[in-house]
1. So how much slack lies between residue 91 and residue 182, counting 0.36 nm per residue of separation and subtracting their Cα-Cα distance, in nm?
2. Net charge around residue 177, counting only other residues with Cβ within less than 12 Å of its Cβ (Lys, Arg = +1; Asp, Glu = -1)?
3. Report the label-to-label distance for residue 48 and residue 83 in nanometres (one decimal), using points 7 Å from each Cα along the Cα→Cβ vector.
4. In nanometres, what is the gap between the two model label sites at residue 16 and residue 143, each 7 Å from Cα along Cα-to-Cβ?
5. Between residue 174 and residue 5, what is the label-point separation in nm under the 7 Å Cα-to-beta-carbon projection?
6. Along each of the three principal axes of the Cα atoms of the range 1-41, give the extent in whole Å, ordering the values from largest to smallest.
7. Would you list 78, 87 from fewest to most Cβ contacts within 10 Å?
8. What are the extents of the Cα atoms of the range 9-191 along their three principal axes, listed from largest to smallest and rounded to whole Å?
Amino acid sequence: MDAVFTLPYPEYIVATHLQRLLKKKEGYSVQIPLSRQQKGIDLLVYCTQSGKAASIQIKSSRAYLSKAPKRKSKKERFNNALWFVNFDYQKGIADFYILFGLYPKSDIISKRLDKSKKTRKWWDYKILVFTDKEMRKFLRNLLTKRGEKESFFGFGFNNRSKDIFATRGVKSPKSVKEYLIENKIATIKDFLK
């Protein structure tokens, strides 16, 4: 009998998503540390061609649903919000930080649940990728409206939108679309060259 090895769901999803984007035939390998208490490293991406590796720290959030506004107002509102605790950043612990958010597809949830037996279709996720330097700058600039250090930060988005916005810890909603994993995969590849 084999021993059971468990992996937190966000780490599993991020690893499988990275495997889809960083192909094995191109020389990439996504690895998981055996020690679940390994400080700063949740995943390791290795490039066999260059012999370089990138350490990845994953932070996750669940999404909070809200009703979309009937009309656009000056302050943008979103169907979903991701909330993260402002963590103690230490330079050089990880090469990349990944923010993962799992959310229910509200258009499917609002329909009668007995019509769709496949629960996989009820859920989706957002993955944001920051380099070590970008994460330090992002966390350093998080402030409350009074100018004090913010203890949380958040992102807002709508289900069908390809964009995502920083909403808490910033003065006004700011697009962070460039940090979506599809837009940052080239940065990971460049790091591993």
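Readers should treat all values here as calculations from the given coordinates under stated rules, not as data from a laboratory. This structure is a prediction, so every number in the text was calculated from the model and none was measured. Quick reminder, even Gly has a Cβ in these numbers, built from the backbone with ideal geometry, and neighbours come from all protein chains shown.
1. 30.3 nm
2. +1
3. Taking the simple label geometry, residue 48 and residue 83 are separated by 4.5 nm.
4. Output for this residue pair reads 4.2 nm.
5. 3.9
6. Its Cα atoms span 31, 30, 17 Å along the three principal axes.
7. Going from sparsest to densest Cβ surroundings: 87, 78.
8. Its Cα atoms span 53, 48, 29 Å along the three principal axes.
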